[in-house]
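Everything on this sheet refers to the single structure shown next.
The values are calculated or read from the model by the stated rules, or taken from the named source; none is laboratory data. If you're wondering where the values come from, they're calculated on a predicted model, not measured in any experiment. In this analysis, Cβ positions are derived from the backbone assuming ideal geometry, glycine residues included, and neighbour counts consider all displayed protein chains. Keep in mind that these areas ignore ligands, DNA and RNA; they rest on the heavy atoms of the full protein, side chains included. Shrake-Rupley method; radii C 1.70, N 1.55, O 1.52, S 1.80 Å.
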Amino acid sequence: MENKVVQVRDLAAAYRKNTVLHDVTFEVEKGTLTGIVGPNGAGKSTLLNTILDLHPRLSGDVKFFGKPFKNVKKKIGYVPQRGSVDWDFPTTAIDVVTMGLYGQIGRLRRPRRHHREKAYEALRKMGMEFYADRQISQLSGGQRQRVFLARALVQDADLYIMDEPLAGVDAQTEQAIMAILKELKKRGKTVMVVHHDLQTVEEYFDSVLLLNRKVMHYGKTKEVFNRENIAQTYGGNMRWFGKEHRDEFTVHE
Amino acid sequence: MEMFFYGFMQRAFQASFLISLIAPILGLFLVLRRQSLMADTLSHVSLAGVALGLLIGINPTWTNILVVIIIAILLEFLRQIYRTYSEISIAILMSVGMAVALVLMEIGAGRTTLSVTQFLFGSIVTINKEQIWMLLGLTIIIGLLYLIYQKPMYVLTFDEETAFTVGLPIKMMSILFNVLTGVTIAVIMPIVGALLVSAIIILPAAISLRLSKSFYGVILNGMVIALVGMLSGLVASYELGTPPGASITIILMLIFAVITLAKYMLHYLKFDRLFNKSQG
């Protein structure tokens, strides 16, 4: 059981009276990079929120590292959607990253030099070291996302759960983030990412979870991510332009 | 400067100094938590608290604090229920507070020499030693709690979801914050008046937000702004015989206008980099 980082069994969740997720069962193994993919309204964000107890669950059982979430919070780094926080907040990029270190700094102590250095190092990894003292409202969408990632990195978690970190970012940011995710995986960390771009799934993730209110397909990307399964997940809303043509998927919502 | 020889003016200056220390801290969190109207609600509710105290013949400050604490806790639960419409609970409780205050006042009319008008508009003549001590105690409590909880509060205010997932006691912190805001309002309301107490808490932080890029910068600048606004407001109130709360609010608004104009002009003259550098 050591190898199982996330175990979800028969999970169901609802908004008001509408069931958004039902019969969700899957297990994530250590050291994998998993993409969670599905159409709009498939419940991708709800899935993350529910397993992290941010959204009430109707039924089911969720375990991280074999234990309930509340016992292993420190081992989990969550990166919410960029739009979920207030970017007009009076704070600088480096202060946001330092936030990720609060657990290590302790409540009454001030951040020490090595904490500051660690925060700078994370910003450097994201190519953001020259923006450290910039107020966050002055950063672009991609730069904000990189600051968010840097904050998660300094937390030094074993499992990272990220909600659409690549949505609406520039190509440079996307590359920087993917490089970090691959490095995390190499260091034996486990990463789960809600992802929206079907074209890059094969390149980015070694496992994929196709979600549409329930788990449609889940497994190694090579085995699961094929035309048939994608069409099934997206229903009739997908047009396939042919692999031999331009290797392009277009999704019509 | 004869005004400094009057005991009530000395107490008013002492109170202003203490209020200037706590208002920007509470104000900044209220603004960032999108709860700036909560201060207004609590001040209306605190009128009901005062009216209750006058009616049953207990020191109105104590009934006031009790009522406001209950409502502050209630507000947090309503905030959780109406997540997306958090202003609903604020609007409802504001009117209910006012309505209850008016009814209690009418029932109690003629039973006491203290008039509710005094609490509506505030009066510096009525500040007594006990209030100064209470304010000092409150300042110390808020100062200590701020030192202990500044980091968790900062995370909670910036990003409530992450605050939860890293295991911070978010409910307890939110309730404690609301309660402290309520008690502060109850304590300073007789001085500056129920109608304008929220302005004195919110405005310094709101003005300071335009000046500083860092969190601590906003709080420190806010304290300076509050101090300047409150002291000059008091002097104006004494010299012109105007109500203290109103005088302070108008001066704070003037500061806001001057800073906004100056910032705009500096920006226009391309000096804004110089300007930003001088801020913490």
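List of remarks:
- For the range A:177-199, a tally of residues being open to solvent by less than 60 Å² (accessible area, probe 1.4 Å), in a loop (DSSP other than H, G, I, E, B) and closer than 18 Å to A:THR221 by Cα returns 2.
- Matching residues in the range B:120-169 - criterion: being hydroxyl-bearing (Ser, Thr, Tyr) and farther than 30 Å from A:ILE161 by Cα: B:SER123, B:THR126, B:THR139, B:TYR146
- Condition check for B:ILE58 on (1) outside any loop (DSSP other than H, G, I, E, B); (2) free of Cβ contacts under 8 Å to residues at least 12 places away in the same chain: one failure, at (1).
- Only one of the numbered conditions (1) under 19 Å from B:ALA226 (Cα atoms); (2) more than 14 Å from chain A (Cβ to nearest Cβ) is violated by B:GLY143, and that is (2).
- Residue under evaluation B:VAL50, criteria (1) surrounded by fewer than 21 Cβ atoms within 10 Å (Cβ to Cβ); (2) in contact with a helix residue (DSSP H, G or I) (Cβ under 7 Å, 6 or more places away or on another chain), criterion not met: (1)
- When the range B:121-152 is filtered for residues that are modelled with pLDDT under 90, assigned to a helix (DSSP H, G or I) and of a type outside the set (Val, Ile, Thr), the ones remaining, listed by number, are B:PHE121, B:LYS129, B:GLU130, B:GLN131, B:LEU147, B:TYR149, B:GLN150, B:LYS151, B:PRO152.
Residues checked against (1) facing chain B (nearest Cβ under 9 Å); (2) open to solvent by 10 Å² or more (accessible area, probe 1.4 Å); (3) outside any helix (DSSP H, G or I); (4) on the phi > 0 side of the Ramachandran plot:
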{"position": "A:PRO90", "(1), (2), (3), (4)": "yes, no, yes, no"}
{"position": "A:ILE94", "(1), (2), (3), (4)": "no, no, no, no"}
{"position": "A:GLY103", "(1), (2), (3), (4)": "yes, yes, no, no"}
{"position": "A:TYR120", "(1), (2), (3), (4)": "no, yes, no, no"}
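- Only one entry in A:VAL62, A:VAL72, A:VAL79 is more than 8 Å from every other protein chain (Cβ to nearest Cβ), within 16 Å of B:LEU168 (Cβ to Cβ) and either touching a helix residue (DSSP H, G or I) at 6+ places or on another chain (Cβ under 6 Å) or surrounded by 13 or more Cβ atoms within 10 Å (Cβ to Cβ) (or both), namely A:VAL72.
- Cβ-Cβ under 8 Å pairs, at least 6 apart or on other chains, the range B:212-228 side away from chain A (no Cβ under 14 Å) and touching a residue at least 60 places away in the same chain (Cβ under 8 Å), far side surrounded by fewer than 17 Cβ atoms within 10 Å (Cβ to Cβ) and among the small types (Gly, Ala, Ser): none
- Filtered residue count, the range B:155-179, keeping only those that are within 12 Å of chain A (Cβ to nearest Cβ) and over 19 Å from the mean Cα position of the chain (by Cα): 15
- In the range A:42-59, residue most open to solvent (accessible area, probe 1.4 Å) [restricted to those that are more than 26 Å from A:ILE230 (Cα to Cα) and in contact (Cβ under 8 Å) with a residue 12 or more places away in the chain]: A:LEU58
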